Amino acid sequence: MDYTFDENLRELPVNPEDMYAYVSKQLQLYKLADNPLEQTKVLGEAGVYLRILRKLDEAEKYLIEAGNVISQNLLPISVKVSQQIRLAHVYQWKGNFKISNKMFDEILKVCEVEKNLGALIDFSWQHAGKNYFDQKKWPLALEAFEKALKLRKLRGAPQEQIDSSIKSIEKVKFLIKSQVQS
């Protein structure tokens with residue numbers, strides 16, 4: 001399920017047909033899954049890949065369904081935060097910043113209180129930065145990306161995650177510099 005990033009920091013599928021086939025297969029597995037954690041995992045993955053495929057309404061549908069499974073089964077806060085990040089990201093891509101901003105604000109508040117979320121804390125900051133980025137709120141995006149980078153370095157995150165934060169910071173700094181020079 002490989003993807004690259006475009007100039008707006010959005011994922012692009014390397015092979016859309018394979019990605020969609022994977023999603024279809026996963027959704028078939030969902031119908032067979034009886035474990036709420038497995039159901040949430042499948043629905044969440046489907047939501048992510050459908051967002052990357054630009055099928056935002058479908059992504060939203062499955063991520064809301066994942067949230068319902070979480071609520072009905074009182075799954076751990078880490079599972080809830082993960083799915084909320086994914087759903088907020090869909091609203092961001094839909095341009096519904098009123099909802100995405102509210103969701104990311106709530107997610108970041110949870111991250112301040114729940115210290116045992118591990119990588120979800122830096123993922124929350126990275127994706128909040130992308131949310132600000134899409135709104136052209138460069139200073140807020142820069143602050144969020146820098147926070148994500150700091151947290152990623154502290155936890156010894158994989159290099160690709162560190163590189164993603166660095167690339168995001170460089171892009172925002174370039175845009176801020178371009179804006180000042182205009």
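The values are calculated or read from the model by the stated rules, or taken from the named source; none is laboratory data. These numbers were taken from a predicted model, which means no experiment stands behind them. Backbone-built Cβ (ideal geometry, glycine too); neighbour counts: all protein chains shown.
The table below lists the values:
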read-out	value
Among (1) farther than 22 Å from L50 by Cβ; (2) surrounded by 19 or more Cβ atoms within 10 Å (Cβ to Cβ) - the single one N73 does not satisfy	(2)
Residue within region 99-106 that is over 17 Å from V48 (Cα atoms), of a type in the set (A, V, I, L, M) and surrounded by 15 or more Cβ atoms within 10 Å (Cβ to Cβ) present	no
Some residue of region 18-31 being at pLDDT 95 or above and not in a helix (DSSP H, G or I)	no
Unique residue being in contact (Cβ under 8 Å) with a residue 12 or more places away in the chain and within 15 Å of the chain's Cα centre (by Cα) when the list is E106, E65	E106
Some residue of region 110-119 being touching a Cys at 6+ places or on another chain (Cβ under 9 Å) and either exposed (fewer than 14 other Cβ atoms within 10 Å of the Cβ) or of a type outside the set (F, W, Y) (or both)	yes
Residue identified as modelled with pLDDT under 95 and part of a helix (DSSP H, G or I) among E112, E65, E60, E7	E112
Those residues of region 72-103 which are free of Cβ contacts under 8 Å to residues at least 24 places away in the same chain, assigned to a helix (DSSP H, G or I) and either charged (D, E, K, R) or within 16 Å of D57 (Cα to Cα) (or both), in sequence order	K80, Q84, K98, I99, K102
For I176: the one exception among (1) farther than 29 Å from K61 by Cα; (2) at pLDDT 95 or above	(2)
Index of the failed condition, L12 passing every other in (1) farther than 22 Å from G118 by Cα; (2) out of contact with any Asp or Glu (no Cβ under 6 Å at 6 or more places or on another chain); (3) at pLDDT below 95	(2)
Residue match in region 135-142 (condition: over 17 Å from the mean Cα position of the chain (by Cα), touching a residue at least 60 places away in the same chain (Cβ under 8 Å) and surrounded by 13 or more Cβ atoms within 10 Å (Cβ to Cβ))	no
Any hit, region 135-143, residues being polar (S, T, N, Q) and part of a helix (DSSP H, G or I)	no
Subset of region 143-182 (residues that are without any contact (Cβ under 8 Å) to a residue 12 or more places away in the chain, surrounded by 12 or more Cβ atoms within 10 Å (Cβ to Cβ) and under 19 Å from Y3 (Cα atoms))	D163
Region 11-52, residues that are of a type in the set (S, T, N, Q) and touching a residue at least 40 places away in the same chain (Cβ under 8 Å)	T40
